[in-house]
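Here the structure comes first, spelled out in structure tokens, and everything after it is commentary.
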Amino acid sequence: MNILGIETSCDETAVAIYSQHDGLLANCIYTQTSHQQYGGVVPELASRDHVLKLAPMISEALADANLSADQIDGVAYTAYPGLVGALLVGATLAKGLGYAWQVPTLAVHHMEGHLLAPMLEINNRPEYPFIALLVSGGHTQLYDVSGVGCYQLLGESLDDAAGEAFDKTAKLLGMPYPGGPELAKLADQGNDSAFNFPRPMLSQPGLNFSFSGLKTAVAQLVWQHPDMDDLMRADIAASFQQAVVEVLVEKCRRALAQCQRDSLVVAGGVSANRSLQTALKNICAPARVFLPPASCCTDNAAMIAYAGLQHFLAGKQDNSLEITVKARCPLS
Ligand code: KG4
Ligand code: ZN
């Protein structure tokens with residue numbers, strides 16, 4: 001079974017093909033750049049870019065996979081959560097292709113795609129059950145996962161997501177959107193104990209998070225030092241990153257203990273952060289930590305095709321031409 005995956009929930013246009021027997025055959029990702037000058041994603045621009053890029057990328061993915069359209073057995077697309085206009089572009093094309101190719105379509109939850117992305121790793125796949133930490137630009141959540149479709153929410157951010165905190169802090173330090181990866185690079189040159197930023201919700205029981213206060217603490221420091229030098233910027237970046245990492249790692253450790261699990265999956269854009277990866281592996285041991293392949297940490301369609309395949313195999317599909325997309329939608 002070959003599944004075409006389509007992802008258009010935010011500012012990445014992505015198309016992939018996942019084969020039940022041969023694994024990932026194509027993984028095309030286009031990251032939109034038109035938003036940078038605005039300091040954040042502009043929904044209308046995102047939708048327009050998806051319209052321009054998506055159809056040619058489907059031809060590109062088929063060529064990469066060396067398949068013709070009649071060898072595709074189903075189309076999976078991100079239907080929620082995300083920017084409604086952007087989601088509609090992918091959902092409409094997916095439905096159109098399903099109708100034209102006479103194959104079933106399937107709506108996929110974007111966060112389920114992230115959660116299952118470590119399954120795209122060929123040599124080091126997690127086995128159920130496991131704890132999943134989802135850390136993206138819009139979500140910070142912990143789940144107890146007992147199988148495909150069995151996701152129990154253990155805790156989540158009450159305000160900003162971890163990726164959002166990275167991006168807002170990067171902006172305060174003068175970096176263009178999305179600043180998370182660049183802030184992480186700058187942090188490598190700084191001292192992570194130079195500033196003692198708060199570790200939000202660490203002293204409280206439970207598995208929820210809060211990152212908006214941490215961002216405010218950085219903002220106050222930045223405003224007090226309008227003429228800060230590069231070394232101080234690096235120290236702030238490193239100290240901020242350390243505070244986020246400590247909170248995420250400790251909540252993962254607690255979740256593993258609470259649910260008596262010995263595997264931890266980490267996915268979503270922030271899972272690309274090297275300091276987070278290292279700290280999780282060190283502090284959560286002996287639990288094993290599983291990550292997506294590097295190219296599938298941030299938004300991609302491989303995870304959507306993979307998640308879609310799992311549901312097709314379980315007998316789910318949708319042949320109607322009705323399109324439902326949602327800005328918000330719980331996973332569990
Ligand atoms: O999962 P994703 O690609 O999109 C959403 O579904 O939101 O995550 C994007 C987020 C952005 O906030 C970005 O700054 C952050 O992931 N990110 C990182 C790193 N790479 C991406 N944050 C920290 N360190 C990184 N290396
Ligand atoms: Zn995402």
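Just so it is clear, none of the values below were taken in a lab; they were calculated from the coordinates. Just so you know, these numbers come straight off a predicted model, no measurement behind them. Virtual Cβ from ideal backbone geometry, glycine too; neighbours counted across all protein chains shown.
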Given a cut-off of 21 Å, name the pairs among K171/K251; K185/K251; K171/K281; K168/K326; K185/K215 whose C-alpha atoms lie farther apart than that in the structure shown.
-> K171/K251; K185/K251; K171/K281; K168/K326
Could you order peptides 84-90, 274-280 by the average number of other Cβ atoms within 10 Å of their residues, highest first?
-> 84-90, 274-280
Peptide ranges 72-83, 27-38 listed from the most packed, as the mean C-beta count within 10 angstrom indicates = 72-83, 27-38
Cβ-derived FRET efficiency at R0 45 Å, A63 paired with D229, nearest 0.05 | 0.35
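Could you check what % of the DSSP bridge pairs in the chain are antiparallel, to the nearest 5?
In the chain, DSSP labels about 60 percent of beta bridges as antiparallel.
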Relative contact order for the chain, counting Cα pairs under 8 Å that sit 6 or more residues apart, in percent | 25 percent
Please work out the Cα convex hull volume for the range 238-307 and give it in Å³ per residue.
-> 89 Å³
In units of 2.2 N^0.38 Å, what is the alpha-carbon radius of gyration of the range 199-332?
-> 1.36
Rg followed by Dmax, in Å, when the range 180-242 is reduced to its Cα trace = 12.4, 40
Neighbour-limited loop hits for GluC sites (Glu not before Pro), the range 12-93 (at most 15 other Cβ within 10 Å; DSSP other than H, G, I, E, B) = none
Convert each backbone phi in the range 305-321 into a coupling constant with the Karplus relation 6.51 cos²θ - 1.76 cosθ + 1.60 (shift: θ = phi - 60°), then list the ³J(HN,Hα) values in order as whole Hz, x for Gly and Pro.
-> 5, 5, 4, x, 4, 4, 6, 4, 5, 7, x, 8, 5, 9, 9, 6, 9
Any idea what % of Cα-Cα pairs in the range 1-122 are farther than 16 Å?
-> 59 percent
Hey, what number do you get for the chain at 222 nm if only DSSP H runs of n ≥ 4 count, each worth -39500 (n - 2.57), divided across all residues, to the nearest 500?
-> -13000 deg cm²/dmol
Magnitude of the Cβ-charge dipole of the chain, K/R +1 and D/E -1, about the Cα centre, nearest 20 debye?
-> 580 debye
In nm, to one decimal, how far is the S295 label point from the Q37 one, both placed 7 Å along Cα→Cβ?
-> 3.1 nm
Quick P(r) readout (the range 54-151; Cα-Cα; 10 Å bins; whole %) gives 13, 36, 34, 17
Specify the residue with the greatest mean-square fluctuation among V222, V135, V266, computed from a Gaussian network of the chain linking alpha-carbon atoms under 10 Å apart.
-> V222
Taking the alpha carbon gyration tensor of the chain, what are the square roots of 5 times its eigenvalues, largest first, to the nearest whole Å?
-> 35, 23, 16
Would you compute, for the Cα atoms of the range 166-212, the largest minus smallest coordinate along each principal axis and list the three values in descending order, in whole Å?
-> 35, 23, 14
Formal net charge of residues neighbouring E12 (Cβ-Cβ distance under 12 Å; K, R +1; D, E -1) = -3
Sort all Cα-Cα distances of the range 88-212 into consecutive 10 angstrom bins from zero, then give the percent of pairs in each bin up to the one containing the longest distance.
-> 11, 27, 32, 22, 6, 2, 0
Once you list every other residue whose beta carbon is under 12 Å from the beta carbon of K53, what net charge do they have if Lys and Arg are +1 and Asp and Glu are -1?
-> -4
